[in-house]
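Bear in mind that the values in this text are calculations on the coordinates, not laboratory data. This one's a predicted model, so the numbers in the text were calculated from it and none came from an experiment. Note that we place each Cβ from the backbone using ideal geometry, even for glycine, and neighbour counts take in every protein chain shown.
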Amino acid sequence: LLMFWMYRTFKSIIIPIILIGITIQVTYGALGYLDVTYNALLSAIPGILLAICIADSVHILTSIHHYKAEGFNPRQALLMSLTKNLQPTLLTSISTTISFFSITLTDIQPVSDLGLTAGIGTLFAWFFTYFFLGGLYSFLTKGEISTPCIYYKDDTGEEDKAIVSKVFARNATEWVNKYKSWIVGIFILKLIATVLIALTGEVNSDPMKYFGENVPIRKNYDFTATKMNGMRGIDLVIDSEKEEGIKSPEFLKKVDAFSKWLESEPEVTNTKSALDIIKKMHQTLNNDDPKFHSIPDKQETVAEVLFLYQMGLPQGMDLNNQISIDNRKLRYRVIWNIETSKESEAKSKYILEKAPEFGLNVDTGGNVPIYIQMNTQVVKSFFSSMTMAIGLVSLLLLFVFKDLFLAMLAMFPNIIPLTLGAAVMAIFGIYIDIGTSMVCSVCLGIAVDDTIHFVSSYKNYRSNGLDAYEAVIETFSITGKALVSTTLLLVVGFGVFIFADFVPNRNFGIFCSIILLYALITDLLFLPALLLQFDSKRKSGKNIEATLSEA
């Protein structure tokens, strides 16, 4: 609908849809050759590639409409559009790919696979945009297509069919120039405030809440957990430190004391181990007398009890999942009502610190250590991917603009939206987990696309002799509508994840939409204000040549 509103032609809708389908199919085909296993996070790939394909298409189609509005025929408009957008779209695709590939630094395999797949898909999207879209457009287009639906009057009162009216661009630039100091100051204050708020964010996860409340596995879990007062827990491995050591009454009495302490903890709802079997069998073998529900006094008796119990079990139902083969280690299962990985980590640490007081050597096992390690990896991947993305994108900007000062100005507006996204997470109590940890690095690569288009156009006008003020006006008039259209389509593309049942994908899409929308605001307000504030005193390209010739 948004594409139809922009271009008022079905051809401009059909072409991107075909492009999206081909890109997604080829990307998933590449996964087979790379031997990547499909996982829940990879279900986000079609939505991500949809947004990226649309973004590439919009720049090409918008420029075509712009040149057609100036009187060029469709073939000329197509060639001029492809020529004009070749470098910007290639560079923006590279920056987006860099951001996705930066995620592969993590040791969390599903996240790494997502970064690899999305990065490959981004390159395919650019390739098919240039080597498929152009040919298909030329084949389908036999006449004029409608111009954009927004019209303005120029200074003479005539209709200006450029993508954005010069009058609008001049008025916007005049307003930004008038309040440039205030705009820069306000955005810097926002940056400081959002950084401080973002620092209060919490790295945490609740694996079962990765699924929406209406998903069957989540509904079944919630029902069972409510009835049983908790289903999660931790496996403890208690080492007797010698073979056949778990049959020692002294060792078992230490475990029994440790067990009673655990059961007294408010979070613990149940415990389970071979110790319960030994005590129950001892009671059964003594006429079911409750007084014998205890640990036998002799090691031989313990051995006999265990042997007798396992004799009556079907094959595969023995105690090998609770006792090591050499009878040295004992598995002790603790059931609790703790849900988040951070609380589980704190409780596990407390248990391990308490165990030596009972004379026991205890370690953890099961799923909890995996979730705890995942938290560590989330933090590690967040900082490593962000560092790599910022570093490589900064080098890319320096390569594109060949101007350190301009590259620094261009990079600064792309940091502010990231801090805003992190601050919103902290305010609404949304954890930094496998879904949200990759938002910032991904959004950096996508958000910098608009900056590259804006600053590239601005730099070209400055090189042609315009001052900063006039260069911003021309940049607004040529690239402004394309930036707005592209961002809105990206926001809609990522916004569809709000309907996802897998919560990490949902959060990923929502926060990408928020950050990209705010990135557009910074590119249209903060970036021009920075250029007008700090670049206006530098001479343009032709002014420099004139100065050198006079010298």
In range of the label at L398: residues from segment 76-94 whose backbone nitrogen is under 19 Å from the point 7 Å along Cα→Cβ
91-92, 94
Would you please classify the overall shape of segment 371-491 from the alpha carbon gyration tensor, given that a ≥ b ≥ c denote the square roots of the eigenvalues, rounded means a/c under 1.5, and beyond that prolate means a/b larger than b/c while oblate covers the rest?
prolate
For peptides 55-66, 449-460, 394-405, sequence by mean Cβ density within 10 Å, most packed first
55-66, 449-460, 394-405
For segment 4-117, what is the relative contact order in percent, using Cα pairs closer than 8 Å and at least 6 residues apart in sequence?
26
Karplus-derived 3J(HN,Hα) from phi for segment 357-367 (6.51 cos²θ - 1.76 cosθ + 1.60, θ = phi - 60°), whole Hz, x at Gly and Pro, runs 5, 9, x, 10, 9, 10, 10, 9, x, x, 7
Alpha carbon centre of segment 447-510 versus segment 359-410: separation in Å?
25
Would you work out if segment 211-365 is rounded, prolate or oblate? Take a ≥ b ≥ c from the square roots of the eigenvalues of the alpha-carbon gyration tensor; rounded if a/c is under 1.5, else prolate when a/b is larger than b/c, oblate otherwise.
prolate
Sorted on mean Cβ neighbours within 10 Å (highest first), peptides 229-241, 120-132, 473-485 come out as 473-485, 120-132, 229-241
What ranking, highest mean first, results for peptides 260-268, 203-211 when packing means the other Cβ atoms within 10 Å averaged over each residue?
203-211, 260-268
In percent, how large is the relative contact order of segment 211-365, given Cα pairs closer than 8 Å and 6 or more residues apart?
41
Using +1 at the C-beta of Lys and Arg and -1 at the C-beta of Asp and Glu, which of F72, F101, I52 has the Cα lying farthest in the positive direction of the dipole of segment 28-131?
F72
Could you derive backbone 3J(HN,Hα) for segment 243-257 from the dihedral phi with the Karplus parameters 6.51, -1.76 and 1.60 (θ = phi - 60°), listing whole Hz in sequence and x where the residue is Gly or Pro?
5, 6, x, 6, 8, 6, x, 4, 5, 5, 5, 5, 5, 5, 5
Sum of -39500 (n - 2.57) over DSSP H runs of 4+, divided by residues of the chain (222 nm, nearest 500)
-21500 deg cm²/dmol
Value of relative contact order over the chain, rounded to a whole percent, pairs C-alpha under 8 Å and six or more apart:
22
C-alpha long axis of helix 109-128 to longest principal axis of the chain, angle in °:
20
Taking placed amide H atoms and a strict 5 Å upper bound, the residues 5 or more places from V203 or on another chain that come that close are I432
Based on the alpha-carbon gyration tensor of segment 173-253 and its eigenvalue square roots a ≥ b ≥ c, which shape applies: rounded if a/c is under 1.5, prolate if not and a/b is larger than b/c, or oblate?
oblate
Compare the Cα positions of L313, S324, S294 along the charge dipole of segment 270-352 (+1 at Cβ of Lys, Arg; -1 at Cβ of Asp, Glu; about the Cα centre) and return the one farthest towards the positive end.
S324
Using the crude model of +1 on Lys and Arg Cβ and -1 on Asp and Glu Cβ, and no other charge, please compute the dipole size for segment 211-365 relative to its Cα centre, in debye to 20.
300
Of (i) 1.15; (ii) 1.41; (iii) 1.08, which one was derived for Rg/Rh (Cα atoms, Kirkwood Rh) from the structure shown?
(i)
In whole Hz, the Karplus estimates of ³J(HN,Hα) for segment 262-271 (6.51, -1.76, 1.60; θ = phi - 60°; x where Gly or Pro) are 4, 5, 7, 6, x, 7, 7, 9, 6, 9
